[in-house]
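The values are calculated or read from the model by the stated rules, or taken from the named source; none is laboratory data. Owing to the predicted nature of the structure, the values given are computational and were not obtained by experimental measurement. For neighbour counting, all protein chains shown are included, and Cβ atoms are generated from backbone atoms with ideal geometry for every residue, glycine included.
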Amino acid sequence: MSATAPITQDVHTIPRKLPEGPINLVGLTRDAMREVLIAHGTPEKQAKMRVGQIWQWIYQWGKRDFAEMTNLAKAYRADLAEKFVIEVPEVVTRQVSEDGTRKYLVRIAGGHEVEIVYIPEEGRGTLCVSSQVGCTLTCSFCHTGTQKLVRNLTAAEIIGQVMVVRDDLDEWPEIGAPKDETRLLSNIVLMGMGEPLYNFENVRDAMKIAMDAEGIQLSRRRITLSTSGVVPEIARTAQEIGCQLAVSFHATTDEVRDRLVPINKRWNIETLLAALREYPKVSNSERITFEYVMLDGVNDSDEDARRLIKLIEGIPAKINLIPFNEWPGAPYKRSSNNRIRRFADIIYKAGYASPIRTPRGEDIMAACGQLKSATERARKSRRQIEAEAGLGG
């Protein structure tokens with residue numbers, strides 16, 4: 001199939017506003033917020049200023065109640081409360097791993113659920129954000145990919161994940177307090193459920209909010225978008241989001257990658273690497289991260305390591321080696337520690353950083369490729385129990 005063929009998916013994004021309900025201001029761009037304020041009675045001459053004020057209350061101070069926005073007139077606050085809401089996803093469950101990793105199951109509109117993972121590290125904390133309910137890619141090593149795609153998340157549901165975790169970490173600054181540069185949530189990785197580049201506009205708008213200087217204020221260098229290789233959207237990522245790029249690579253031949261990452265049948269390794277060589281940020285010597293899950297006897301040979309080096313030649317890169325996170329019924333096994341270290345050593349000696357990712361949150365099924373699985377299994381178990389008891393509908 002042509003690399004320039006239009007991207008089509010049988011997915012949709014739910015509307016932000018239910019016919020009878022107020023409008024959620026979370027997730028709106030500044031321009032969109034200005035438009036809805038004017039449409040609902042804010043004088044046009046005041047609208048830009050009002051956006052700036054409301055924006056800071058929501059994204060800098062973490063306020064959800066218009067009554068607390070004390071630099072707005074009391075009558076205007078009451079009017080806003082009638083017409084608008086400030087809503088984020090609802091936390092259903094929160095689990096904490098032995099290593100401190102936190103996994104949240106959150107409910108969004110329509111009763112759907114997605115998972116978020118927060119990984120604390122020394123001097124930083126990384127939030128793994130989801131962009132879709134389920135996934136369309138069916139990568140054979142990924143348990144998340146065994147769940148059917150339901151729909152795209154809205155910009156509100158994506159940035160809302162960041163807001164929910166800042167709530168839990170109690171990380172909204174106090175008004176008037178000295179600025180604290182330490183951040184518990186310092187990095188975002190779009191590596192949760194879904195393919196971010198199949199939901200480009202909503203991901204872009206949410207990340208623009210995360211990077212806004214008068215809001216959450218994360219540097220673009222602290223946001224990494226991971227794609228399995230949606231080639232036509234890669235250049236747009238640099239131009240319209242400007243964040244760091246990671247690629248779920250995982251194989252060094254089309255034969256193996258077709259099996260592991262089926263999107264390779266549409267945009268093969270050669271096509272993907274050509275797009276990465278033209279990636280605008282590469283000219284500024286910003287490294288692309290190649291994610292490579294280590295599967296015993298599948299993609300972990302010395303020959304694979306040497307082939308990988310040859311493939312990425314000329315691309316400023318880091319190779320993230322990911323020990324496979326096994327799950328019940330998985331068709332693969334994790335490469336041995338010795339094999340992973342040997343693979344990493346070959347890459348390192350060729351001049352590339354080759355960190356081996358330490359699995360985190362495995363005891364709560366929060367590791368890479370495991371999201372939502374435990375919930376789905378629990379649901380299935382309940383259905384089976386009800387059927388056996390004659391309670392099924």
* To do: Would you tally the residues in region 25-71 being within 24 Å of MET207 (Cβ to Cβ) and assigned to a loop (DSSP other than H, G, I, E, B)?
  => 9
* **Failed item, numbered, when ILE158 is tested on (1) assigned to a helix (DSSP H, G or I); (2) farther than 16 Å from SER131 by Cβ; (3) not charged (D, E, K, R)** => (2)
* Asked: When the residues of region 102-129 are filtered to those that are out of contact with any helix residue (DSSP H, G or I) (no Cβ under 7 Å at 6 or more places or on another chain) and in a loop (DSSP other than H, G, I, E, B), which remaining residue is surrounded by the fewest Cβ atoms within 10 Å (Cβ to Cβ)?
  -> GLU122
* Asked: PRO331 fails exactly one of the following numbered conditions: (1) under 24 Å from ALA274 (Cα atoms); (2) touching a residue at least 60 places away in the same chain (Cβ under 8 Å). What is the number of that condition?
  -> (1)
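Of these, GLU255, GLU286, GLU326, GLU291, which one is of a type outside the set (Val, Ile, Thr) and over 25 Å from the mean Cα position of the chain (by Cα)? Give the derivation first.
Values: GLU286 fails: over 25 Å from the mean Cα position of the chain (by Cα); GLU326 fails: over 25 Å from the mean Cα position of the chain (by Cα); GLU291 fails: over 25 Å from the mean Cα position of the chain (by Cα).
When all the criteria are applied, what remains is GLU255.
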* Asked: Can you spot a residue in region 332-346 that is over 14 Å from ALA251 (Cα atoms), assigned by TED's automatic domain parsing to the domain that holds ALA251 and touching a helix residue (DSSP H, G or I) at 6+ places or on another chain (Cβ under 6 Å)?
  -> yes
* For region 237-251, state whether one or more residues are in a helix (DSSP H, G or I), modelled with pLDDT under 95 and of a type in the set (A, V, I, L, M, F, W, C). => yes
* Positions within region 200-221 being assigned to a helix (DSSP H, G or I) and modelled with pLDDT of 95 or more, in sequence order -> PHE200, GLU201, ASN202, VAL203, ARG204, ASP205, ALA206, MET207, LYS208, ILE209, ALA210, MET211
* **Enumeration of residues in region 44-91 that are free of Cβ contacts under 8 Å to residues at least 60 places away in the same chain, out of contact with any helix residue (DSSP H, G or I) (no Cβ under 7 Å at 6 or more places or on another chain) and of a type in the set (S, T, N, Q)** => GLN46, GLN53, THR70
* Restricting to region 337-356, what's the tally of residues that are outside any helix (DSSP H, G or I) and either closer than 29 Å to GLU278 by Cβ or at pLDDT 95 or above (or both)? -> 6
* Asked: Does ILE322 fit the bill of being assigned by TED's automatic domain parsing to the domain that holds LEU127 and either in contact with a Leu (Cβ under 8 Å, 6 or more places away or on another chain) or modelled with pLDDT of 95 or more (or both)?
  -> no
